[in-house]
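Step one of this worksheet: look at the structure below.
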Amino acid sequence: MIKATETKLKGCFILEPEIFEDERGYFFESYNHRDFCEAIGREVNFVQDNQSFSKQGVLRGLHFQKGEHAQAKLIQVLEGAIQDVVVDFRKDSPTFARHFSMELSDKNKKQLFVPRGFAHGFLTLSDTAKVMYKCDNYYNHKAEGGLHFDCPDLNIKWKLNKKEIVLSKKDSTLMRERNFNHIDSR
């Protein structure tokens, strides 16, 4: 059984599995297609699983896939803790260009479902973190886009200061947009 709570961004859900714990440890279903689709109220078929390992301070994102290659994602942390951030870039959405942030960890075992049309990124808060996420569409290099993590118009409150943040060369050169109207992320 999954508890689903819609965030302030329509279609984006926090998912909490039912966890069975005893002196041996714990057990839970991390994914059940039928229960997942019922919880979010629509059918989503995942076709690809991705996994990353990051050291503390590593920030990956904010990334998205455009047009027919847009991806919905189901994010979970296998080890450690991250600050997960999503930005709604669905032009027809009442929450266009707004963001949502939450901590995902191996301790809270929460997951975040991010529909198509969103940018996504995360910051590693623990010494290391292993993140796994499902995608409902295949990655396409030509369709990728992104925004710089400290884009002033997004005003995201990251949990580490800028001096502690480690970016890839690619992520350090992402756009620092002041007008999001031309972004078509679905």
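Just so it is clear, none of the values below were taken in a lab; they were calculated from the coordinates. What you are looking at is a predicted structure, and each value in this text was computed from that prediction instead of being measured. Cβ sites come from the backbone with ideal geometry, for glycine too, and all protein chains shown count toward neighbours.
Worth a mention:
- Phe96 sits among other residues whose Cβ lies under 11 Å from its own Cβ, and their net charge, with Lys and Arg +1 and Asp and Glu -1, is +2.
- When each of Lys110/Lys170; Lys109/Lys163; Lys110/Lys159 is checked by Cα-Cα distance, pairs over 27 Å: Lys110/Lys170; Lys109/Lys163
- Taking only Cα atoms of the chain, radius of gyration then Dmax in Å: 16.1, 54
- Contour minus Cα-Cα distance for Glu18 and Tyr138 (0.36 nm per residue): 40.3 nm
- Ellipticity at 222 nm from helices only: DSSP H runs of n ≥ 4 in the chain, each -39500 (n - 2.57), divided by the residue count, give -1500 deg cm²/dmol.
- Full extension of the chain segment joining Lys130 with Glu68 gains 19.5 nm, where the gain is 0.36 nm per residue of separation less the Cα-Cα distance.
- Ordering of 149-156, 41-48, 71-78 by burial proxy (mean other Cβ atoms within 10 Å per residue, highest first): 71-78, 149-156, 41-48
- Residues whose amide H lies under 5 Å from that of Arg116, counting only those 5 or more places away or on a different chain, are Ala72; hydrogens are built 1.01 Å from N in the peptide plane.
- Simple spin-label estimate for Gln48 and Lys107 in nanometres, 7 Å along Cα-Cβ: 3.3
- You can think of it this way: the chain between Lys157 and Asp35 has 40.6 nm of extra reach, that is 0.36 nm per residue less the Cα-Cα gap.
- Cα-centred dipole magnitude for the chain, charges only on beta-carbon of K, R (+1) and D, E (-1), debye, nearest 20: 800
- If both residues of a DSSP beta bridge must be in the chain, then about 95% of such bridges are antiparallel.
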